[in-house]
Amino acid sequence: MQKLVVLKLDGNLNEGVKVTLEIGAEGDRASVEVQGYLPLKPEIIADYQLWRTTYRSLSNFRITPVNIHVGTSLNEHLNKCRELNEKLSERMNSWLNCNSFRPVKEKLLKQLTLDDTVRILIKTSDTWLRRLPWHLWDFLEDYQKAEVALSAPEYEYLPKPKTTTIVGQVKILAILGNSEGILIDKDRELLEMLPDAETTFLVEPQRSQLNEQLWKQDWDILFFAGHSESLEDGKSGNIYINETDCLTIEQLKYALKKAVSQGLQLAIFNSCDGLGLASQLEDLHIPQIIVMREPVQDLVAQEFLKNFLRKFSSGESMYLAVREAREKLHGIEDQYPCAVCLPIICQNPAAVPPAWKDFLINPQTENGKPQI
């Protein structure tokens, strides 16, 4: 059975978090609701900051086009990064196993079966809660068909345009931005290999070119590869579209709103440090967004994209395609520690994630709701 789990987190790690759990069948209203509480735990922030500093001292990320050099021996640095990630995971799970959160966990155990396909939305606006690697929650280990996504507390449903047109091809707008010091040609090759897809590539475009394309056509998927970064507050970020220009999502908001109104369903930013970008994209009510939590290296970005597109385009659900592609990154963690922690979905709760075949036909709408 397909189920939707929503964890509403009201608060932060410095003051404590009121938790509301909702569980329902996919596509229906929640049938179960229960309250819980997570006590203040500022040590988790300290653990994350220490891990983050160590992780970010690795080199060749798709962040700002500047190389970062490792001062200590590589093996020592990689081991330290893994150890700090393990410590963060242990601290986080200890927090989630506290007595005041037990009613939430017990209700989950009662309502979910191991065969259920489960989408778990972490609904919060707190920057540190959004940064946490929620997929490391030990409760999820036995649920092989579950995947976690982030969600904004405030959202809006935007129906797809009314049409019965059989499109026949998935329409993708792919922005290949500043690639100084990184390799993004592989991203292009992977997109070109997709079945039933028509991809328009913008290579190091000017802002006016990007803006025009977003207004000009009805896109299903927006893709970006290149350098990007989020600001420290986790609420905004920059994408480097060419050698000289970087843009915020705010600078594209009217074009992106138009794209959403014309049917844009999924934005993939296969680039560094995307949570700030995702926050701004959520404000524009883009239904589904996939980003990297932290800086990402070329091979990690390429392997994730390859495995995600392969599964998703072959008919797997978007969430399970992300989970499998993310978990496959474990096989390269000897060279790229904590790679499994990077990809994350950001979900508009009012939208149902599309399957690849759903992009091929735009369903007729009635009273502002898609017919299912």
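The values are calculated or read from the model by the stated rules, or taken from the named source; none is laboratory data. Worth saying up front: this structure is predicted, and the values here are computed from it rather than measured. Note that we place each Cβ from the backbone using ideal geometry, even for glycine, and neighbour counts take in every protein chain shown. Calculation scope for accessible area: heavy atoms of the full protein, side chains included, ligands and nucleic acids excluded. Shrake-Rupley method; radii C 1.70, N 1.55, O 1.52, S 1.80 Å.
Once you have the Cα-Cα distance between Gln251 and Leu74, take 0.36 nm times their residue separation minus that, and quote the gain in nm to one decimal.
Working: separation 177, 0.36 × 177 = 63.72 nm, distance 3.92 nm.
Contour length minus the Cα-Cα distance gives 59.8 nm.
Based only on Cα atoms, what Rg/Rh ratio does segment 309-349 have, Rh being taken as Kirkwood's radius?
Value, to two decimals: 1.04.
Ignoring the sites themselves, what is the longest stretch of the chain with no GluC sites (Glu not before Pro) in a DSSP loop and at most 14 other beta-carbon atoms within 10 Å?
Values: sites that count: Glu15, Glu26, Glu154, Glu156, Glu180, Glu232, Glu243.
Longest site-free region, per DSSP loop and neighbour criteria: 244-372.
Could you tally up the Lys pairs in segment 240-358 with alpha carbons closer than 30 Å? Skip any pair fewer than 8 positions apart unless they're on separate chains.
The number of close lysine pairs in segment 240-358 is 13.
Can you give the % of DSSP beta bridges in segment 210-283 that are antiparallel, to the nearest 5?
Working: 5 of 9 bridges.
Percentage antiparallel, nearest 5: 55.
Let's test this: bin the Cα-Cα distances of segment 236-287 at 5 Å from zero up to the farthest pair and state each bin's percent.
Computed distribution, short to long bins: 5, 20, 30, 27, 13, 4, 1.
Once the Cα atoms of segment 73-183 are picked out, what are the Rg and Dmax in Å?
Expressed in Å, the Cα Rg and Dmax of segment 73-183 come to 20.2, 60.
Count the net charge of all other residues whose Cβ sits under 15 Å from the Cβ of Ala321, scoring Lys and Arg as +1 and Asp and Glu as -1.
Numbers: positive: Arg119, Lys145, Lys306, Arg310, Lys311, Arg323, Arg326, Lys328, Lys357; negative: Glu147, Glu303, Glu316, Glu324, Glu327, Asp358.
Summing Lys and Arg as +1 and Asp and Glu as -1 gives +3.
Within the accessible area of the chain, what % is carbon and sulfur when the probe is 1.4 Å and the other protein chains stay in place?
On the way: 7640 of 16220 Å².
Accessible surface attributable to carbon and sulfur in the chain totals 47 percent.
State the antiparallel share, in %, of DSSP beta bridges confined to the chain, rounding to the nearest 5.
On the way: 31 of 65 bridges.
Around 50 percent of the beta bridges assigned by DSSP in the chain are antiparallel ones.
For segment 237-335, would you read off the P(r) tail past 22 Å as a percentage of all alpha carbon pairs? Mind dumping the intermediate values first?
Working: 1748 of 4851 pairs.
Every Cα pair in segment 237-335 considered, those over 22 Å come to 36 percent.
Normalised by the number of residues in segment 1-152, what is the relative contact order in percent for Cα pairs under 8 Å and 6+ residues apart?
Values: 233 pairs, mean separation 41.9, N = 152.
Reported relative contact order: 28 percent.
Multiplying the sequence separation of Ser314 and Arg207 by 0.36 nm and subtracting their Cα-Cα distance, what value in nm do you get? Write down the numbers at each step before the final one.
Numbers: separation 107, 0.36 × 107 = 38.52 nm, distance 3.37 nm.
Using 0.36 nm per residue and subtracting the Cα-Cα distance, I get 35.1 nm.
Between Thr199 and Val32, what is the FRET efficiency for a Förster distance of 25 Å, r being their Cβ-Cβ separation, to the nearest 0.05? Write down the numbers at each step before the final one.
Details: r = 42 Å, r/R0 = 1.68.
After rounding, the FRET efficiency stands at 0.05.
Just the Kirkwood number for segment 9-153, please: inverse of mean 1/r across all distinct Cα pairs, in Å, one decimal.
Working: mean 1/r = 0.0585 Å⁻¹.
Its Kirkwood hydrodynamic radius stands at 17.1 Å.
Quick one: compute the contact order of the chain, relative version, from alpha carbon pairs under 8 angstrom and 6+ residues apart, as a percent.
Details: 776 pairs, mean separation 66.2, N = 372.
Relative contact order of the chain: 18 percent.
Quick one: how many Å² of Trp51 are accessible to a 1.4 Å probe, rounded to 10?
Accessible area, nearest 10 Å²: 10 Å².
Residues in segment 243-287 near a label at Lys216, defined as backbone nitrogen under 16 Å from the 7 Å Cα→Cβ point?
255-256, 259
If you count only protein heavy atoms with a 1.4 Å probe, what accessible area per residue comes out for the chain, rounded to a whole Å²? Working shown, then result.
Values: 16220 Å² over 372 residues.
On a per-residue basis, the chain sits at 44 Å².
To the nearest 20 Debye, how big is the dipole of segment 166-249 about its Cα centre, given +1 on the beta carbon of each Lys and Arg and -1 on that of each Asp and Glu?
On the way: 6 positive and 16 negative charges, 40 e Å.
So the dipole magnitude of segment 166-249 works out to roughly 200 debye.
Could you compute how much accessible surface Leu88 exposes when probed at 1.4 Å, giving the result in Å² to the nearest 10?
Roughly 0 Å² of Leu88 is accessible to a 1.4 Å probe.
Looking at the square roots a ≥ b ≥ c of the eigenvalues of the Cα gyration tensor of segment 101-250, which shape do they give, rounded for a/c under 1.5, prolate if a/b is larger than b/c, or oblate?
Working: a/c = 2.04, a/b = 1.57, b/c = 1.30.
Prolate, because a/c is 1.5 or more and a/b exceeds b/c.
At 0.36 nm per residue, and after removing the present C-alpha to C-alpha distance, how many nm does the segment from Asp185 to Leu114 gain when stretched out fully?
Working: separation 71, 0.36 × 71 = 25.56 nm, distance 3.99 nm.
My answer for the length gained is 21.6 nm.
From the protein chains alone at 1.4 Å, what is the descending order of accessible area for Asp245, Asp233, largest first? Working shown, then result.
On the way: Asp245 55, Asp233 80 Å².
Heavy-atom accessible area, descending, gives Asp233, Asp245.
To make sure I understand the rule: partners must be lysines, Cα under 18 Å from the Cα of Lys3, and not fewer than 8 residues away in the same chain. Which ones qualify?
Excluding near neighbours in sequence, the set is Lys105, Lys107, Lys110, Lys123, Lys145.
As a check on your grasp of the helix formula, calculate [θ] at 222 nm for the chain: sum -39500 (n - 2.57) over DSSP H runs of n ≥ 4, divide by the residue count, round to the nearest 500.
-9500 deg cm²/dmol
For the chain, what is the convex hull volume of the alpha-carbon atoms per residue, in Å³? It would help to have the intermediate numbers written out before the result.
Numbers: hull volume 46.8 nm³, N = 372.
With only Cα atoms used, the chain gives 126 Å³ per residue.
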